[in-house]
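Below is one structure; the comments refer to it alone.
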Amino acid sequence: QVELVESGGGLVQPGGSLRLSCAYYGSTFSNYIMSWYRQAPGKERESVALINSGSGTSYADSVKGRFTISRDNLQNMVYLQMNSLQPEDTAVYYCAAASIRGYMSNRVDYWGQGTQVTVSS
C-alpha cells in the first residue's frame, strides 16, 4: 500500500512562486512514475508534470518554462517548483504515483489528498 501526502499549497499573488512537496510512504519509491495533476473548479483534472525513476520529465504546455518537477529517491519525496504563477494556475494540486504497468495503461495507481493553490491579488 502506498500513501501520498502533499504540502506547500496556499495563496500567492500573480507572478509569485510556490513549492509543493509530496511525501511517499510505502513500497519501493523508485518503482513509480510520479506526477502532479491539478483540478480547477468546474474543470477536469489535468496532468501538469511527470517524472520517471531516472528523473526524466515532461510538462503540460501551459506550465513549460515556469514549473519544475523533481524527485529525491533517497528521501522518497517529489517536488513541484512553480514560478511566475498566474490566476489560471489556481486549482487543487494532486500528487500521483503510477507503476510502469499503470502508466502504460494510462492509469494512476495512487493519489494524494490534494493541496489548494490560489493565485490572486
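Rolling a 1.4 angstrom probe over the protein heavy atoms with all chains in place gives the chain an accessible area of 53 Å² per residue.
For the pair Asp72 and Arg19 in one chain, pulling the backbone fully straight at 0.36 nm per residue adds 17.6 nm over the alpha carbon distance. Considering only Ser30, Ser70, Ser62, the mean-square fluctuation computed in a Gaussian network model of the chain, springs between alpha carbons under 10 angstrom, is largest for Ser62.
The HN-Hα couplings worked out from phi for the stretch 71-86 by the Karplus form 6.51 cos²θ - 1.76 cosθ + 1.60 (θ = phi - 60°) are 9, 10, 6, 7, 8, 6, 10, 10, 10, 10, 8, 10, 10, 6, 5, 10 Hz, whole numbers, x standing for Gly and Pro. Once the Cα-Cα distance is subtracted from the 0.36 nm per residue extended length, the Ser105 to Thr28 segment shows a gain of 25.7 nm. Considering all C-alpha pairs of the stretch 1-82, those separated by over 14 Å amount to 64%.
Per residue of the chain, the DSSP helices (runs of n ≥ 4 H) give a summed -39500 (n - 2.57) that works out to -1000 deg cm²/dmol at 222 nm.
Reducing the stretch 95-116 and the stretch 34-88 to their Cα centroids gives an inter-centroid distance of 13 Å. Find which of Gly54, Leu20, Ala98 sits farthest along the positive direction of the dipole of the chain, computed with +1 on the beta-carbon of Lys and Arg, -1 on that of Asp and Glu, about the Cα centre. Positive-end residue among those listed: Gly54.
Ligands, DNA and RNA left out, the 1.4 Å accessible surface of the chain is 45% carbon and sulfur atoms.
The values are calculated or read from the model by the stated rules, or taken from the named source; none is laboratory data. All figures in this text were calculated on a predicted structure; none of them were measured in a lab. Because the Cβ atoms are built from the backbone with ideal geometry, glycine has one as well, and the counts that use them run over all protein chains shown. In case anyone asks, the SASA skips ligands and DNA or RNA and just uses the protein heavy atoms, side chains included. Shrake-Rupley method; radii C 1.70, N 1.55, O 1.52, S 1.80 Å.
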